[in-house]
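Here is the structure we will look at.
The values are calculated or read from the model by the stated rules, or taken from the named source; none is laboratory data. Bear in mind that the values here come from a model prediction, so they are computed numbers and not experimental data. Don't worry about glycine lacking a Cβ; one is built from the backbone with ideal geometry, like all the others, and counts go over all protein chains shown. Quick note on the areas: whole protein, heavy atoms, side chains included, nothing else; ligands and nucleic acids left out. Shrake-Rupley method; radii C 1.70, N 1.55, O 1.52, S 1.80 Å.
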Amino acid sequence: MCGIVGYVGDRPVVDILLDGLEQLEYRGYDSSGIALKCADDIKVYKAEGKLINLRNTLKSHVSEVSSSTMGIGHIRWATHGAPTLLNAHPHTCNCGNLVLVHNGIIENYKELREKLTAQGCVFRSQTDTEAVAHLVASKYAKTKDLTEAVRLATQEIEGAYALCVMHNDYKNTLVVTKRNAPLLVGIGEGEFYVASDVPAIIKHTKKAMYLNDNQIATITPEKLVLIDKDGNELPQKIEVLPWEPVALSKMGYKHFMLKEIHEQPDVVRNILVGKLHAPDEPIVLNEVKLNKETLKNLNRIQIIACGTSLHAAMVGKYLIENFCGIAVDVEASSEYIYRKTVTDAHTLVIGVSQSGETADTLTAIKQAKAKGSHILIITNRPDSAMAREADSLVPVNAGIEVSVAATKSYTAQLMAFYLLALYMAEIKESVDVPTMTSLKAEMMLLPQKIDQILSNTDEVQKCARAYANTKDFIYVARGINFPTALEGALKLKEISYINATGYPAGELKHGPIAMLDETMPVLSILMNGSVYEKLLSNSEEAKARNARMIALTNSNDEKLNDLFEHIIRVPDVQELFSPVIAMVPLQLLAYYIAEFLGKDVDQPRNLAKSVTVE
Ligand code: M6R
């Protein structure tokens, strides 16, 4: 969701910006633009759609831009106003001297717009961002100091922002700042890079500084000066990024999503390394700071997350309640932050996020932290804003996930919950030793079971072809696989745009059964275990309404052959681990349907990988 890059140094800037933006493409966007300091003027170039359109636009301007060594760039995911050229960033003040890019949402942009219009500013776009450009310019007119103008302007802005600003009066200065949106500065030799995320800069430098909220950095090729919102100079915390330059390569797969699905056996192996050595050894979670005392003092756990991470959280609730006997509530972060929650120092709050930057979850975490709760973060990005808020951390080590549809990060989050729930159970001694040993042994077998699924996808592909043209799809399950039904439906919706819904199967007869007829596929996630027979009966009920029945199962039950038109088989597994196994074919089903329909699998319409606006 919106990506910012910036550069100031002595090298030609155009390719640095374009390559940086390309590394941020995975965030999701619908237009792009760059601004370059050229000779005496700042030049702005924009394009609708994919980055290739911006590259093509620039081809006819090579001579005027090739010597520029300072610039800013942006990919925009539209929030205010359609993804048009006028609304694309960078935005300028009326005289064109001040130019900026923005990530986030300015909540009071209407008030600012009215005030600035009354002062004579003429707005050309529908964006919230343009108000910031005029506002900073109006402060600059008075102060003639770009840093001070940015500082004063941010005091009038409400909402979330990462900003990168340049001005025609400054040959080689960028001013950057942020609040509730990601931004980091990469440090080179006589040069600095600005970016919303590490992939945009990692090929140039591993030295970087993450800005904290309300800090302002003024950057020239020689130095960086950091101040707080009151203008006081701050010490700089420079970090070495624990990243290798990431070749965002599909490694021969047609799409990143398919590659990421196939990485899952290794993702499971990776997360277990160093945390679970053998079935009879305790689980090691070095960055989790919970002990017998803290667990005894807890009266509830709240898990907050969005989208796919929310579905992992629902499995997490099931596991923690089952193994530890502590009450767990799961809530979408966007709901949690707008109500009076019962959260205090006796609440453990677990935030789950692939990116660690999702605005709703970040805000929820901050709210809970302010109430004195212990904050535990499960994330794929230990360098993220959420991780920086954490008292305890479980990094899921899934590697960068490029496809907007989350796959391997979901599996890694599930694994994090197995480890965490069993870790807490060990502290609480709430699971007997033989059971614990058998659970750990099963967990260690998961990679090879996923490998088995991935080595033969014929039935899933057949199923995908059979149902690709359906308009609707229902996924049903019970118990620990109800979240699997939700996640399976979400995957299909996201990348194929088919209207898919997940239901707890027992709820079918309370309403949704009215929709069933011979046009409606119903996919039952029929995993062996406590609810198998119940779900089988619910599937019979659906079949009796002529629905087109598909089973995803690890059962050899012969009854299934008469009941289901298609059967996708997976290896047997203990019920509690079945969400890991059941999800893989559902990811593949969504993938093959979308691929069959010719959809943009990795960058589905309207979606962003990292949702940094509330
Ligand atoms: O980075 P997060 O896990 O916090 O992201 C949450 C959701 O935005 C994300 O899971 C989204 O639903 C994905 N598109 C799912 O495929």
Filter result for the condition that a residue is in contact (Cβ under 8 Å) with a residue 12 or more places away in the chain, out of contact with any helix residue (DSSP H, G or I) (no Cβ under 9 Å at 6 or more places or on another chain) and more than 16 Å from the ligand (Cβ to nearest atom), over E293, E244: E244
Per the list (1) in contact (Cβ under 8 Å) with a residue 40 or more places away in the chain; (2) open to solvent by 10 Å² or more (accessible area, probe 1.4 Å), residue check on K59 breaks on (1)
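Yes/no matrix, rows are residues, columns are (1) within 16 Å of the ligand (Cβ to nearest atom); (2) farther than 21 Å from A364 by Cβ:
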{"position": "L258", "(1), (2)": "yes, yes"}
{"position": "I283", "(1), (2)": "no, yes"}
{"position": "S309", "(1), (2)": "yes, no"}
{"position": "A313", "(1), (2)": "yes, no"}
{"position": "G325", "(1), (2)": "no, yes"}
Can you tell me which of (1) part of a loop (DSSP other than H, G, I, E, B); (2) more than 16 Å from the ligand (Cβ to nearest atom) is the one D600 doesn't meet? (2)
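Output the residues belonging to the range 470-491 that are open to solvent by 60 Å² or more (accessible area, probe 1.4 Å) and either touching a residue at least 60 places away in the same chain (Cβ under 8 Å) or in a strand (DSSP E or B) (or both). Break it down into steps so the answer makes sense when it comes.
Applying the first criterion (open to solvent by 60 Å² or more (accessible area, probe 1.4 Å)) to the range 470-491 yields 471, 478.
Passing the criteria: only R478.
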Answer yes if at least one residue in the range 594-605 is over 17 Å from R478 (Cα atoms), of a type in the set (F, W, Y) and touching a Lys or Arg at 6+ places or on another chain (Cβ under 7 Å), and no otherwise. yes
Inspect the range 397-404 for any residue being touching a Gly at 6+ places or on another chain (Cβ under 7 Å), within 12 Å of the ligand (Cβ to nearest atom), open to solvent by 10 Å² or more (accessible area, probe 1.4 Å) and of a type outside the set (F, W, Y) and give the result as yes or no. yes
Could you please find all residues in the range 452-469 being in a loop (DSSP other than H, G, I, E, B), over 20 Å from E518 (Cβ atoms) and open to solvent by 70 Å² or more (accessible area, probe 1.4 Å)? S455, N456
Can we say L445 is modelled with pLDDT of 95 or more, more than 22 Å from F596 (Cβ to Cβ) and in a helix (DSSP H, G or I)? yes
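Does S555 fit the bill of being part of a loop (DSSP other than H, G, I, E, B), of a type in the set (G, A, S), touching a residue at least 24 places away in the same chain (Cβ under 8 Å) and more than 14 Å from T484 (Cβ to Cβ)? Full working, then the answer.
Details: part of a loop (DSSP other than H, G, I, E, B): yes; of a type in the set (G, A, S): yes; touching a residue at least 24 places away in the same chain (Cβ under 8 Å): yes; more than 14 Å from T484 (Cβ to Cβ): yes.
Considered against the rule, which asks whether it is part of a loop (DSSP other than H, G, I, E, B), of a type in the set (G, A, S), touching a residue at least 24 places away in the same chain (Cβ under 8 Å) and more than 14 Å from T484 (Cβ to Cβ), S555 comes out as yes.
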Looking only at the range 220-230, decide whether some residue is free of Cβ contacts under 8 Å to residues at least 12 places away in the same chain, among the basic types (K, R) and in contact with a helix residue (DSSP H, G or I) (Cβ under 6 Å, 6 or more places away or on another chain). no
Between A582, A542, A590, which is modelled with pLDDT of 95 or more, assigned by TED's automatic domain parsing to the domain that holds Y467, within 19 Å of G529 (Cα to Cα) and surrounded by 18 or more Cβ atoms within 10 Å (Cβ to Cβ)? A582
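Residues in the range 375-384 that are surrounded by fewer than 23 Cβ atoms within 10 Å (Cβ to Cβ) and in contact with a Ser or Thr (Cβ under 9 Å, 6 or more places away or on another chain): how many?
First, pick out the residues of the range 375-384 that are surrounded by fewer than 23 Cβ atoms within 10 Å (Cβ to Cβ): 375, 382-383.
With the extra rule that they be in contact with a Ser or Thr (Cβ under 9 Å, 6 or more places away or on another chain), the set shrinks to 375.
Summing the residues that are surrounded by fewer than 23 Cβ atoms within 10 Å (Cβ to Cβ) and in contact with a Ser or Thr (Cβ under 9 Å, 6 or more places away or on another chain) in the range 375-384 gives 1.
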Considering residues that are open to solvent by less than 10 Å² (accessible area, probe 1.4 Å) and among the polar types (S, T, N, Q), the number found within the range 109-128 is 2
Taking the criterion of being in contact (Cβ under 8 Å) with a residue 60 or more places away in the chain, within 16 Å of the ligand (Cβ to nearest atom) and not small (G, A, S), would at least one residue in the range 415-438 satisfy it? yes
Of the residues in the range 492-526, those that are farther than 15 Å from I550 by Cα and part of a loop (DSSP other than H, G, I, E, B) come to Y497, I498, G511
Say we look at the range 492-514 and pick out the residues that are open to solvent by 20 Å² or more (accessible area, probe 1.4 Å) and closer than 19 Å to S309 by Cβ; which of these is farthest from the chain's Cα centre (by Cα)? K493
1 or more residues open to solvent by 40 Å² or more (accessible area, probe 1.4 Å): qualifying strands (runs of 3 or more DSSP E) within the range 257-372: 300-305, 328-332
When the residues of the range 141-194 are filtered to those that are polar (S, T, N, Q) and in contact (Cβ under 8 Å) with a residue 40 or more places away in the chain, which remaining residue is farthest from E233 (Cα to Cα)? N168
Residues located in the range 515-536, provided they are closer than 21 Å to L492 by Cβ and either exposed (fewer than 13 other Cβ atoms within 10 Å of the Cβ) or not aliphatic (A, V, I, L, M) (or both): D517, E518, T519, P521, S524
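If I ask for residues that are surrounded by 19 or more Cβ atoms within 10 Å (Cβ to Cβ) and farther than 13 Å from T69 by Cβ, which ones from the range 189-203 would you list? Walk me through how you get there before you give the answer.
Here is the first cut: in the range 189-203, the ones surrounded by 19 or more Cβ atoms within 10 Å (Cβ to Cβ) are 191-202.
Residues satisfying the conditions are V194, A195, S196, D197, V198, P199, A200, I201, I202.
Please work out if D432 is open to solvent by 30 Å² or more (accessible area, probe 1.4 Å), in contact with a strand residue (DSSP E or B) (Cβ under 9 Å, 6 or more places away or on another chain), over 25 Å from H255 (Cβ atoms) and modelled with pLDDT of 95 or more. Give the derivation first.
Values: open to solvent by 30 Å² or more (accessible area, probe 1.4 Å): yes; in contact with a strand residue (DSSP E or B) (Cβ under 9 Å, 6 or more places away or on another chain): no; over 25 Å from H255 (Cβ atoms): yes; modelled with pLDDT of 95 or more: yes.
In short, no.
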If D562 satisfies every condition in (1) outside any helix (DSSP H, G or I); (2) away from the ligand (no atom under 16 Å from the Cβ); (3) among the charged types (D, E, K, R) but one, which is the exception? (1)
